[in-house]
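The values are calculated or read from the model by the stated rules, or taken from the named source; none is laboratory data. The structure presented is a predicted model; accordingly, all values stated were derived computationally and were not measured. Positions of Cβ are generated from backbone atoms using ideal geometry, with glycine treated the same way; all protein chains shown enter the neighbour counts.
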Amino acid sequence: MAYANQAPTTSELGENETLDKTKSINYEVGLKGRAQNYAFDVALFQNDVEDEIIQIRDAGGNSIYDNAGETQKRGLEINGVYKINTNFELGASYAYSDFKYKSFQESVRGAFVSRDGNYLPYIPKHQYSIFAGYKMLNGFKARVQTKTYGEYYMDSANTQKYEGYEFVTDLMIGYEKNNHTVQLNIANIFDEYYAMDASKDVYGNQTYKAAAPRSFMLTYNYRF
């Protein structure tokens, strides 16, 4: 069990100077496993929060901030990796999120509307990723990872969902020699088109922010 207080950030106070600090109690149980060929972590948690600072979209699509009365966040997180041999490993991660308002009155056209029992927006119930890594004794290495971000509600009223995205894949190819490392990173290698953020304001206006297209980055690193 852990207790925490979090003060509003400067930018949040700039939008709403009446914000209260967030107070939370977190309950968590977990299990870890470590062996020569595998490792895993499992965590089950519940986080009860008072006056959580939430983001709301106004009619102009701008972000404003307010305190929700109470929220409850329940979830499960699993991570694991398995070494097939000295060169090759596989891994995966999964997160289940059940985040709800216990009490929240949202201002809609000058009136307060209860969102009690609704899901928090922008948080998918399911997220997972899979990766494979390969490293040779001669210094060559490579890693490919694909991730999926499940559907989520676009607003606190829970009137509409965004479908999220599936199997957005990144690739890394590199070479290490003594103190030198050269690495090529390719993000979104299949050039998937999706929104990294989808929201809906209390007036029904929808906003979609496109994710980055395929991109390349070549780096060189020297360790002194």
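Just to verify a result, which residue in segment 180-224, among those that are closer than 18 Å to residue 124 by Cβ and of a type in the set (Lys, Arg), is surrounded by the fewest Cβ atoms within 10 Å (Cβ to Cβ)?
209
Can you find, within segment 151-179, the residue that is surrounded by the most Cβ atoms within 10 Å (Cβ to Cβ) among those that are under 30 Å from residue 105 (Cα atoms), touching a Lys or Arg at 6+ places or on another chain (Cβ under 6 Å) and not aromatic (Phe, Trp, Tyr)?
Ranking the candidates gives 156 first.
Only one residue in 175, 101 is at pLDDT 95 or above and more than 27 Å from residue 41 (Cα to Cα), so which one is that?
Sole residue among the options that is at pLDDT 95 or above and more than 27 Å from residue 41 (Cα to Cα): 175.
Considering only segment 136-153, state which residues are at pLDDT 95 or above and either touching a Pro at 6+ places or on another chain (Cβ under 8 Å) or over 18 Å from residue 196 (Cα atoms) (or both).
140, 141, 142, 143, 144, 149, 150, 151, 152, 153
Taking the residues in segment 72-84 that are in a strand (DSSP E or B) and farther than 23 Å from residue 124 by Cα as candidates, determine which candidate is nearest to the chain's Cα centre (by Cα).
Among those that are in a strand (DSSP E or B) and farther than 23 Å from residue 124 by Cα, it is 81.
Any residue in segment 168-188 that's among the charged types (D, E, K, R): show its pairings with residues that are in a loop (DSSP other than H, G, I, E, B) at Cβ separation under 6 Å, as long as the two are six or more apart or on different chains.
Short answer, once both residue conditions are applied: 176/139; 177/139.
Name every residue in segment 167-181 that is in a strand (DSSP E or B) and not β-branched (Val, Ile, Thr), in order of residue number.
Residues satisfying the conditions are 167, 170, 171, 172, 174, 175, 176, 177, 180.
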